[in-house]
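The structure appears below as structure tokens.
The values are calculated or read from the model by the stated rules, or taken from the named source; none is laboratory data. Everything numeric in this text was worked out from a predicted model, so none of it was measured. Note that we place each Cβ from the backbone using ideal geometry, even for glycine, and neighbour counts take in every protein chain shown.
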Amino acid sequence: MRSIITSLFIILLTLGRAAAQSDTLSITLENVPYPYAVIHLPLTIEGQDVRMAYMDVKPATPNGRTVMLFHGKNFGGYYWGDVIRPLVAKGYRVIVPDQIGFGRSSKPFIHYSLHKMAAMNKHLLDTLGISRALVLGHSMGGMLATRFALMYPQSVEKLLLEDPIGLEDYRTFVPYRSAEQDYPTELKTSFESVKKYYQSSYFTKWEPRYDQLVKIGAGVAQSADFPRYAKVAALTFEMIYEQPVCYEFGLLKVPTVLFIGKEDKTIVGKALLTDEQKAQHGQYKVLGPQTAKKIPQCRLIEFEGCGHIPHIEIPDVFMKALLANL
């Protein structure tokens with residue numbers, strides 16, 4: 001009898017540990033479901049062999065056009081599912097890379113650069129035999145998409161920017177912090193800290209379904225490799241701060257559509273600001289129209305009552321607007 005009780009205790013203990021560990025994520029998100037199969041492109045960067053993850057989703061009845069999706073800093077390809085499916089249904093081939101340092105891609109210690117990222121994505125398109133694409137970038141992906149269009153205008157059929165960051169120069173009002181200084185802050189990542197940030201910046205009203213995004217953002221903090229993840233997060237924060245694109249919007253030579261959630265209040269480095277400074281910056285209802293005037297051939301589409309991620313907060317409304325502007 002005692003042996004049976006002991007065995008049951010061991011089984012329950014094992015199950016309990018497994019349940020606790022289920023919230024721990026690999027820093028390359030292998031245990032996070034992606035909407036489609038993930039492929040890896042081998043690259044060598046600064047002498048390091050790395051792998052760039054991406055999804056290549058092909059329609060049953062192709063229309064001959066391709067859409068490339070660039071994710072934001074706190075996300076990866078996993079959050080594009082509700083955008084990919086309608087696009088594929090309309091005949092578009094959809095390429096969804098996880099940038100190096102993000103998602104299921106490698107997390108090397110390198111000099112992170114929007115120029116370097118743009119070149120890697122151009123290499124991905126070349127490898128796949130794709131000469132031109134509609135490029136949709138969200139948040140940090142919007143900064144990257146802008147840089148990509150500036151570097152490779154011949155490869156961009158249309159530039160689509162969904163609440164891009166970098167509409168203002170953060171260097172002019174956010175105190176400078178190097179990657180080394182930011183690293184200890186990144187190490188403090190928790191479910192509570194991520195949820196607080198998402199609530200204050202990303203969504204107008206919190207819904208339970210957003211908790212899954214928080215779990216992914218915070219789940220890596222329990223990994224033994226989290227210090228590497230945190231260091232890369234600090235390096236990419238430094239990249240965003242030091243490499244603005246807002247002064248180059250007037251140089252864009254491709255048709256552009258700017259999608260803006262009018263309640264978006266995202267600021268990179270927001271925690272370093274006073275409440276008064278927060279009220280003066282990150283106001284997308286003001287930044288959107290200002291930016292649209294800077295960009296030649298730009299169409300501005302604004303969403304009432306929506307924050308930083310329209311494709312998640314108001315997916316049907318966003319997709320209707322996106323499909324109408326392809």
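Could you list all residues from the stretch 256-286 that are surrounded by fewer than 22 Cβ atoms within 10 Å (Cβ to Cβ), hydroxyl-bearing (Ser, Thr, Tyr) and under 20 Å from the mean Cα position of the chain (by Cα)?
Hits for the stretch 256-286: nothing passes.
Looking at this structure, is Pro289 over 20 Å from the mean Cα position of the chain (by Cα) and either surrounded by fewer than 22 Cβ atoms within 10 Å (Cβ to Cβ) or at pLDDT 95 or above (or both)? Give the steps one after another, and end with the answer.
Working: over 20 Å from the mean Cα position of the chain (by Cα): yes; either surrounded by fewer than 22 Cβ atoms within 10 Å (Cβ to Cβ) or at pLDDT 95 or above (or both): yes.
Yes.
What is the residue count in the stretch 275-292 for residues that are free of Cβ contacts under 8 Å to residues at least 40 places away in the same chain and within 20 Å of Pro153 (Cβ to Cβ)?
The number of residues fulfilling the criteria is 1.
Suppose we keep only residues that are out of contact with any Phe, Trp or Tyr (no Cβ under 7 Å at 6 or more places or on another chain) and touching a residue at least 40 places away in the same chain (Cβ under 8 Å) within the stretch 304-317. Which one would you say is surrounded by the most Cβ atoms within 10 Å (Cβ to Cβ)?
Residues of the stretch 304-317 that are out of contact with any Phe, Trp or Tyr (no Cβ under 7 Å at 6 or more places or on another chain), as a first pass: 304-306, 315-316.
Going one step further and asking which of them are touching a residue at least 40 places away in the same chain (Cβ under 8 Å), we end up with 304-306, 315.
Numbers: Glu304: 11, Gly305: 12, Cys306: 23, Pro315: 15.
For the stretch 304-317, the residue satisfying everything is Cys306.
Out of Gly261, Gly219, Gly282, Gly288, I need the residue that is in contact with a His (Cβ under 7 Å, 6 or more places away or on another chain) and more than 22 Å from Tyr112 (Cβ to Cβ). Which one?
Answer to the check: Gly261.
Looking only at the stretch 256-263, decide whether some residue is without any contact (Cβ under 8 Å) to a residue 60 or more places away in the chain and within 30 Å of Ala324 (Cβ to Cβ).
Yes: the stretch 256-263 contains one or more residues that are without any contact (Cβ under 8 Å) to a residue 60 or more places away in the chain and within 30 Å of Ala324 (Cβ to Cβ).
Do you know which residues across the stretch 68-99 are touching a Lys or Arg at 6+ places or on another chain (Cβ under 8 Å), under 24 Å from Ala233 (Cα atoms) and not small (Gly, Ala, Ser)?
Once the filter is applied, which keeps residues that are touching a Lys or Arg at 6+ places or on another chain (Cβ under 8 Å), under 24 Å from Ala233 (Cα atoms) and not small (Gly, Ala, Ser), the stretch 68-99 yields only Asp98.
Listed here are the residues, each with its yes/no results for (1) out of contact with any Gly (no Cβ under 7 Å at 6 or more places or on another chain); (2) among the hydrophobic types (A, V, I, L, M, F, W, C); (3) under 20 Å from Thr146 (Cα atoms); (4) without any contact (Cβ under 8 Å) to a residue 60 or more places away in the chain.
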residue: Lys205; (1), (2), (3), (4): yes, no, no, yes
residue: Arg209; (1), (2), (3), (4): yes, no, no, yes
residue: Gln222; (1), (2), (3), (4): yes, no, no, no
residue: Tyr229; (1), (2), (3), (4): yes, no, no, no
residue: Pro244; (1), (2), (3), (4): no, no, yes, no
residue: Tyr247; (1), (2), (3), (4): yes, no, yes, no
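Looking only at the stretch 125-156, how many residues end up being surrounded by fewer than 18 Cβ atoms within 10 Å (Cβ to Cβ) and in contact (Cβ under 8 Å) with a residue 40 or more places away in the chain?
The total comes to 5.
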